[in-house]
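Data block below; observations after.
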Amino acid sequence: MDLPGSLEKREGEIFIGGCRVEELSKEYGTPLLIMDEKTIREKCRYYQETMESNYPEFNIYYASKAFLNLGICRIIEEEGMGLDVVSGGELYTALSADFPADRIIMHGNNKSRRDIIQAIQAGIRAIVIDNEQELKTVENIGRAMGSKVPVMLRVVPALEAITHPHLQTGMGSKFGFKMHQGQAQKALKQVAQSDSMEPIGLHCHLGSQITDVDIYHQAAEEVLKLAAQYRNVWKKELALNLGGGFAVAHSAAEESFPFDRFLPGLANRVTQLSRDLDLPQPVLEFEPGRSIAAPAGMTIYSLGASKEVDGLGTLIPVDGGMSDNIRPTLYDASYYAFVVNKEAQERPRSKVTITGRLCESGDILIRDIELPQSKPGELLAVTCTGAYTYPMASNYNGLPRPGVVLVNNGRASTLIKGETYEDLLQRQEIPAHLQKEKDQYMAL
Ligand SMILES: Cc1ncc(COP(=O)(O)O)c(C=O)c1O
C-alpha cells in the first residue's frame, strides 16, 4: 500500500509531515486533505534522478490534472520538472505561479480557440494535437498570429492497457490519432508540411493505474517505428513522450507500478530501438500524475453514528464523501483507512462500510473495511487521496469544498482554504424580478 513517507506514530499519536493529525483537524476542520511535501518531492526526484543517470535528454512533466494549485506548481518548478496542462484554466494557474511557460505542454481532446491562443501567446513548449480538426485550427491560428507553433501529435498505437475502462486511453477512447486507422500517419505528413507548425514530437498515453511494464516498451516501439517511417518528412530529432499512468496501491487490494528497473530498462530500450531504426535518439518524456500526488495525500474525516442495515451490514458515515472524493463512485476505486490514534489496535475489529454524507445511495467511500470500534467524532484517515480527488470536488448538497494543507518538518501551510457558506453564494445572483424588498428579505 502506498502511504505518505512522513506518516508516523509517536507515543500513540499519528503524525504526518511532523504535524499531529488531531491538531490539524482542530485547526483546519474536517474533511481536510493533507499533502505531505516530502513525499511529493521524493517522487519527483525519483523520476528526475533515475532519468539523469540513464538517459541523455529527457523531460518529466507533472500531469496537473491529478492535483494542481499554485503551491504545487512552485514545488514542481523547484524540482526541475515541467507541467502538462489540459485547459486554459490549468495554464492560467501555472502561469500565475510564475511557472516557466517553456516547460509546459498542453493536452485536451477539444481545446477551445481561447486555450490555443493563450498557449501560443504564453510561449509554451508544445501543444499536443489530438485530432484532425484541431490540427487545422492550430495551423490557422498559428498562421494568423504569424507564429510557428511547436506541436506534438498524440498518437494511439493499437495497445490496450489492463486497467479500469474509464482509465483506458488506448484504442477505443476519445483521445488522439489512431495509428491502426491511418489517422496518425496522415496527421504526421500534414504537420511536417505546414508553414505554421513546428513538429517537436510524438506523444502516446496508454491510460492510468497501469501495472504492466511491457506495454510501455511496446508503445515505444510502435511510436518509434512510426517516426522511422516518416523520417524523410520530419527530418530532425523528435521527442518521444510516453505519457503517465503508473499505478499506485490505494488499498491492499491494488498493486503499485513495479518501478524497479523500469525507467533504466525503458531508457535502454529506446536507445536500442533508435539505433536499430536508424533514428536520432529522441528526447524521452513522461507525464506522471497519480504516482506523484496520490501517495502524498491523506484525507481526514470526522466519523458519524453507525447504522445497521440488512444486507449492507454496519454503515458508518463521514462528514464528506463523493463531493471531495468521487473516485469510489466513479469507478469503484478502493482505499485504505484507519481510525486516527487507534490504527494499531488489532482487536476488537469489525467489518464496516464507510459512507459519505451526500444524498446518493452510491456515495460509499470504502466497502467492507476492518476497523476498531469507533465513536462519533473520532477521526478517520483515508490514505493515498492526493490525486484525482480535490480537482474533481464539487459543492453537491451545498457542501463547501474542504481545505488542503501542505505539511513538512512540523509546519502546516494552507494550499487551498476550505470553502465557507459565503463562498457557495459568491457567484450567485438573484435576478432583479425575483428580488424582495430589502427589509422583507432581511426579515427572513
Ligand atoms: C495525457 C495524459 N498524460 C498523463 C496523465 C497522467 O496519468 P497518471 O496520473 O495516471 O500518471 C494522464 C491522465 O490520465 C493523461 O491523460
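Ligands, DNA and RNA left out, the 1.4 Å accessible surface of the stretch 147-267 is 48% carbon and sulfur atoms.
Here r is the Cβ-Cβ distance between Glu23 and Asp260 and R0 is 45 Å; the resulting FRET efficiency, rounded to 0.05, is 0.75. Solvent-accessible surface of the chain, taken per residue with a 1.4 Å probe and all protein chains present: 46 Å².
Can you give the local net charge around Phe259? Use residues other than it whose beta-carbon is closer than 15 angstrom to its beta-carbon, Lys and Arg +1, Asp and Glu -1.
That sum, taken over residues with Cβ under 15 Å, equals -4.
Working from label points 7 Å from Cα in the Cα-to-Cβ sense, the Asp214 to Asp332 distance is 2.5 nm.
The order of the peptides 428-434, 99-105 by mean Cβ neighbours within 10 Å, most packed first, is 99-105, 428-434.
The largest accessible area among Thr50, Thr420 belongs to the first residue in Thr420, Thr50, and the rest follow in falling order (1.4 Å probe, all chains).
With r as the distance between the Cβ atoms of Asn409 and Met1 and R0 = 30 Å, compute the FRET efficiency 1/(1 + (r/R0)^6) and round to 0.05.
With R0 = 30 Å, the Cβ-Cβ based efficiency is 0.80.
Which residue, Cys19, Cys73, Cys384, tops the fluctuation ranking in a GNM of the chain built on C-alpha contacts under 10 Å? The residue that fluctuates most here is Cys19. Taken over the alpha carbons of the chain as equal point scatterers, the Debye sum produces base-10 log I(q)/I(0) values at 0.14 Å⁻¹ of -1.27.
Could you calculate the FRET efficiency of Ser96 with Arg427 from 1/(1 + (r/R0)^6), where r is the beta carbon distance between them and R0 is 22 Å, rounded to 0.05?
Numbers: r = 19 Å, r/R0 = 0.87.
Once rounded, the FRET efficiency stands at 0.70.
From the convex hull of the Cα coordinates of the stretch 37-294, what is the mean projected area in square nanometres? Provide the component values of the computation, followed by the final result.
Numbers: hull surface 50.9 nm².
For the stretch 37-294, the mean projected area of the Cα convex hull comes to 12.7 nm².
Remark: spin-label model distance Glu308-Gln133 equals 5.7 nm, labels positioned 7 Å along the Cα→Cβ axis. Loop-located GluC sites (Glu not before Pro) in the stretch 349-378 (DSSP state not H, G, I, E or B) with no more than 15 neighbouring Cβ atoms inside 10 Å: Glu360.
With 0.36 nm allotted per residue and the present C-alpha distance subtracted, the Lys436-Glu11 stretch has 147.2 nm of extension available. Counted by Cβ distance under 12 Å from Ile200, the other residues give a net charge of -1, where Lys and Arg count +1 and Asp and Glu count -1. DSSP finds beta bridges in the stretch 37-294, and of those with both partners inside it, around 5 percent are antiparallel. Extension gain for Leu315 to Val233 (0.36 nm times residue separation, less C-alpha to C-alpha distance): 23.3 nm. For the listed peptides 286-298, 197-209, 106-118, a ranking on the average number of other beta carbons within 10 Å per residue, highest first, reads 286-298, 197-209, 106-118.
The values are calculated or read from the model by the stated rules, or taken from the named source; none is laboratory data. Since we're looking at a predicted model, the values are computed, not measured. Note: ideal-geometry Cβ built from the backbone for every residue, glycine included; neighbour counts use all protein chains shown. These accessible areas exclude ligands, DNA and RNA; they are computed on the full protein's heavy atoms, side chains included. Shrake-Rupley method; radii C 1.70, N 1.55, O 1.52, S 1.80 Å.
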